[in-house]
1. For the residue pair residue 106 and residue 38, what label-to-label distance in nm results when each label sits 7 Å from Cα along the Cα-to-beta-carbon direction?
2. Pull up the DSSP beta bridges for the range 2-198 and report the antiparallel fraction as a percent, rounded to 5.
3. Gain in length, residue 116 to residue 21, computed as 0.36 nm per residue apart minus the alpha-carbon separation, to one decimal in nm?
4. What spacing in nm lies between the two simple spin-label points modelled at residue 67 and residue 13, each 7 Å away from Cα in the Cβ direction?
5. Please work out the FRET efficiency for the pair residue 201 and residue 123, using the Cβ-Cβ distance as r and a Förster radius of 25 Å; give the result to the nearest 0.05.
6. Where Rh denotes the Kirkwood radius from the mean inverse Cα pair distance, what is Rg over Rh for the chain?
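What follows is calculated from the coordinates using simple rules that are stated; it is not laboratory data. Computed from a predicted structure; not experimentally measured. All Cβ positions, even for glycine, are placed from backbone atoms using ideal geometry, and neighbour counts span all protein chains on display.
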């Protein structure tokens with residue numbers, strides 16, 4: 001399965017148009033949150049992204065809520081907006097959790113979850129599913145501009161428990177576009193430019 005992964009577009013219409021064009025060359029698109037900017041501009045940005053005619057898996061970032069993202073994609077037959085939920089596309093399972101984990105210092109506009117809230121939404125994740133979260137796992141592609149890890153321990157624990165073949169995240173702009181392997185999982189902090197990834201079965 002050929003996938004286009006992205007995150008943190010933050011109302012950038014030019015980046016959105018590039019992603020729409022790139023989506024024509026893949027099987028599935030995954031958006032790991034922060035389509036809006038501080039809860040503004042989601043509708044306009046979504047109007048562009050809705051031109052994508054591939055199955056698309058989405059989770060909210062902290063710049064929009066899950067409810068806002070669900071409403072924005074209402075009626076798009078190929079969109080799967082996940083939050084403590086999953087879907088199956090072309091035989092591949094996906095599980096998603098949106099929002100920033102742990103709580104950010106950004107205040108009331110930010111859609112944040114505590115580690116305990118995140119763990120409850122991640123607990124039903126099936127083994128081997130592609131994991132899509134806005135926040136990165138703790139210690140992996142989560143070092144901000146000050147060099148401090150700001151990722152989620154509950155996401156890291158889920159990776160260790162469920163062994164996803166692929167983890168797609170965003171949130172920490174300093175790590176955008178970077179990839180690493182942790183145990184058996186490929187972790188990608190996708191970023192607004194988008195990353196094309198070919199998901200292969202572990203038997204390949």
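1. 1.0 nm
2. Working: 16 of 38 bridges.
Around 40 percent of the beta bridges assigned by DSSP in the range 2-198 are antiparallel ones.
3. Working: separation 95, 0.36 × 95 = 34.20 nm, distance 3.85 nm.
Full extension of this stretch gives 30.3 nm more.
4. With each label placed 7 Å out from Cα toward Cβ, I get 2.9 nm.
5. Details: r = 25 Å, r/R0 = 1.01.
It comes to 0.50.
6. On the way: Rg = 15.0 Å, Rh = 16.3 Å.
Result: Rg/Rh = 0.92.
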